[in-house]
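FYI, it's all coordinate maths here, none of it is from the lab. Quick caveat: nothing in here was measured; it's all calculated off a predicted structure. For neighbour counting, all protein chains shown are included, and Cβ atoms are generated from backbone atoms with ideal geometry for every residue, glycine included.
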Amino acid sequence: MLAAVYAGSLAAETRYDIDLADAASGLLHIEMETRCEAGGCELQMPVWNATYQVRDFVQFVEDFRVSDHANHIVSTRKLIPSRWRVNTVDPGLVRVRYDVRANRPGPFGAYAGKDYVSLNLAQVLVYPVSRRRAPFSLRFRNEPRGWRTALALESHGGRFRAASYDELIDTPVLLGDFDDTKFTYSGRPIRIVAHGGRGSYDIAELADKARTIVETASAIMDDVPFPSYLFVYHFNEGPGGGMEYRNGTSIQIPPSCTACDPKSLTAHEFFHAWNVKRIRPQSLEPIDFTQPNSTPSLWFAEGVTSAYAQYILLKGGLTGESRFLDHFAKLITRYERTPAGRLQSVEEASVEAWLERYPDYRRPDRSVSYYLSGEIVGHLLDLTIRHYSGNRRSLDDVMRALNEQYAKRGRYYEAEAIERLASNAAGRDLSTEFDEWIRTPGPFEWDRYLEYAGYRLEMKLREKVDLGLSLRRAANDRAEVASVEPGGLAARAGFLPGDQLLALDSEPLRVPAKKVADLLGRSSGPFTVEVKRESGRRSLAVKPLMGDTIVYRIVDARAVSPLQRAVRRGWLKRTVIEDAVGAAPSARAR
Ligand SMILES: [Zn+2]
């Protein structure tokens with residue numbers, strides 16, 4: 001009986017073999033065994049996953065061929081660039097073989113090399129459209145001797161299994177000779193693997209911080225939703241960042257990027273185990289692998305996740321209160337320097353996320369990042385709920401309610417749910433606030449919300465302009481752009497990461513990177529910088545505006561009431577109190 005059931009499920013299963021024989025030269029050989037219905041079936045390569053950007057993964061697919069159970073070639077026809085029609089007559093097994101050019105290191109792409117293989121499986125695996133919700137399995141073949149495997153999936157006899165295609169691709173993948181450690185939290189194995197940049201990380205320290213983050217976030221959510229969790233760290237050069245999966249994350253920290261902070265990336269990606277992976281907007285489901293799923297909720301899914309990264313670090317003792325306040329003040333400074341904050345609402349920025357591939361859209365006078373505005377709104381929400389509830393409730397109550405009412409019941413939330421649950425937590429209707437925060441363009445009334453916690457915003461004029469760019473020393477000793485702050489002066493002038501700085505106002509720049517940063521910061525009027533990038537030399541005109549010399553700080557309000565003190569304590573200590581403090585909040589309502 002058991003055997004019969006097992007054989008039945010095997011017959012229905014779509015099986016992949018990923019052959020690593022030519023991994024060293026960047027090529028993966030994929031074989032998929034599946035079943036076609038009478039009259040044929042369709043195969044699809046996702047055009048996107050997780051990053052809210054269409055990336056047309058079919059561009060990496062080569063030498064695509066299909067055969068039947070007797071190994072006879074079956075003809076196929078392309079319907080759209082990412083979809084094939086397989087022209088079988090009878091129902092039965094088909095074998096699909098193709099190669100994938102895996103040359104994109106980092107958490108978002110697929111990379112195969114002589115030292116390691118790291119995969120975003122959506123970029124590698126074509127799926128049979130009619131069987132997307134049936135079981136799938138995956139096996140690797142011809143791994144170099146001594147390599148290990150890290151995936152957040154169950155494996156039986158070397159095969160990783162999942163109940164659907166969406167589940168199969170929902171895992172980081174790393175194969176190689178990497179550092180590997182683990183600990184247990186609440187009975188769940190938590191695994192940490194890291195590789196690259198020898199000497200640029202300490203696996204024990206990574207595990208230590210990961211443990212604090214796992215414990216703190218789980219305590220905030222009063223929940224441990226995963227059976228196990230996998231942290232994959234890449235310490236390679238390339239774009240820094242992280243990608244979230246249901247039971248794991250893949251994080252890249254380039255050794256030359258001094259501004260990249262492993263612990264805030266870790267906290268952000270880990271909190272996604274709730275927000276977006278389980279607490280998920282209906283608008284993202286089912287995922288449409290042929291085109292964008294537009295959603296008004298990315299400010300919550302991404303921006304509020306960034307606010308939680310700060311809360312986790314603060315509560316876990318991985319950052320201090322003054323650094324937390326400095327971070328929030330920097331968000332405000334960045335927002336105030338982005339003119340599009342006055343033109344584009346937070347919800348619009350979420351829906352338009354898919355346009356971020358276009359440089360013209362990314363101009364700071366056209367769009368404002370939903371990461372930035374969403375993180376700000378997260379803080380305003382927390383302060384507002386604490387204010388109206390006398391610090392008896394907070395944004396944590398909204399998160400836990402979303403978790404209980406939606407995630408744990410296998411439901412996705414509708415966009416209105418956030419406002420409804422936030423109003424419940426505050427004990428009053430917050431539609432006016434939500435109108436102001438997410439449905440109309442800025443500005444935000446900073447002082448109104450900071451005052452809830454007994455703070456106010458202070459504006460400071462700096463002598464030097466803040467370029468909003470970090471530099472590093474390139475191999476040829478030139479100063480090279482490491483990162484560009486969105487919306488900053490350098491972003492407006494068109495600097496890109498990787499640009500090598502050749503000259504300042506026609507004077508050659510042949511000094512150490514640190515001195516170059518100093519030189520650039522000293523100019524208060526317009527100047528030009530000549531840069532070298534892959535496409536050739538460019539002359540970039542830097543035109544500082546008044547705003548580039550303005551920085552904001554959060555300082556104490558003149559008088560602080562007991563209610564303000566309670567809200568401040570709650571915001572910074574991440575606690576609530578059982579009894580109301582001070583006057584009834586409604587008496588102070590504004
Ligand atoms: Zn994220």
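The convex hull drawn around the Cα atoms of the range 220-314, when projected onto a plane and averaged over every direction, covers 7.2 nm². Computed from the Kirkwood radius of its Cα pairs, the Stokes-Einstein diffusion coefficient for the range 2-176 at 4 °C and 1.567 mPa s stands at 78 µm²/s. Against the chain, whose longest principal axis is taken from its Cα atoms, helix 416-426 shows a tilt of about 40°. Using a simple spin-label model with pseudo-atoms 7 Å out from Cα toward Cβ, residue 503 and residue 65 lie 5.6 nm apart. Once both axes come from the Cα atoms, what is the angle between helix 370-388 and the longest principal axis of the chain, in degrees from 0 to 90, rounded to 10? For helix 370-388, the angle is close to 60 degrees. For the range 123-140, backbone phi angles converted through the Karplus equation (6.51, -1.76, 1.60; θ = phi - 60°) give residue-by-residue couplings of 8, 10, 10, 6, 10, x, 4, 6, 10, 4, 9, 9, x, 10, 9, 9, 9, 9 Hz, Gly and Pro being listed as x. Helix 395-405 and the longest principal axis of the C-alpha atoms of the chain enclose an angle of approximately 30°.
Full extension of the chain between residue 99 and residue 79 yields a length gain of 5.2 nm, computed as 0.36 nm times the residue separation minus the alpha carbon distance.
A simple spin-label model places pseudo-atoms 7 Å from Cα toward Cβ; at residue 237 and residue 476 they are separated by 1.3 nm.
When only alpha carbons are used to place a centre, the range 32-47 and the range 528-545 end up 48 Å from one another. Distances between placed amide hydrogens fall under 5 Å for residue 140 paired with 18, all partners being 5 or more residues away or on another chain. Sum up the charges of everything whose Cβ sits under 14 Å from the Cβ of residue 394, counting Lys and Arg as +1 and Asp and Glu as -1, but leave residue 394 out. Result for the local shell: +4.
Estimated at 0.36 nm per residue, the fully extended path between residue 541 and residue 559 surpasses their Cα-Cα distance by 1.9 nm. With the cut-off at under 15 Å, measuring from each backbone N in the range 271-289 to a point 7 Å along the Cα-to-Cβ line of residue 411 picks out 279-283.
Amide H contacts for residue 236 (H built 1.01 Å from N in the peptide plane; partners 5 or more residues away or on another chain; cut-off under 5 Å): 253. Of the peptides 469-482, 40-53, the order by per-residue mean of other Cβ atoms within 10 Å, starting with the highest, comes out as 40-53, 469-482. Residues whose amide H falls under 5 Å from that of residue 483, counting only those 5 or more places apart or on a different chain, are 470, with hydrogens built in the peptide plane.
The packing ranking of peptides 423-431, 491-499, 369-377, highest mean first, is 369-377, 491-499, 423-431, where packing means the average number of other beta carbon atoms within 10 angstrom of each residue. Annotation for the range 421-472 versus the range 263-323: alpha-carbon center distance of 19 Å. One chain, two ends: residue 205 and residue 343. Fully extended at 0.36 nm per residue, the span grows by 45.3 nm beyond their Cα-Cα distance. The string of couplings for the range 464-475 from the Karplus curve (6.51, -1.76, 1.60, θ = phi - 60°) is 8, 6, 9, 6, x, 7, 10, 10, 9, 8, 7, 4 Hz, one whole number per residue in order, with x for Gly and Pro. Charge dipole of the range 509-575 (Cα centre as origin; +1 on each Lys and Arg Cβ, -1 on each Asp and Glu Cβ, all else neutral): 320 debye, rounded to the nearest 20.
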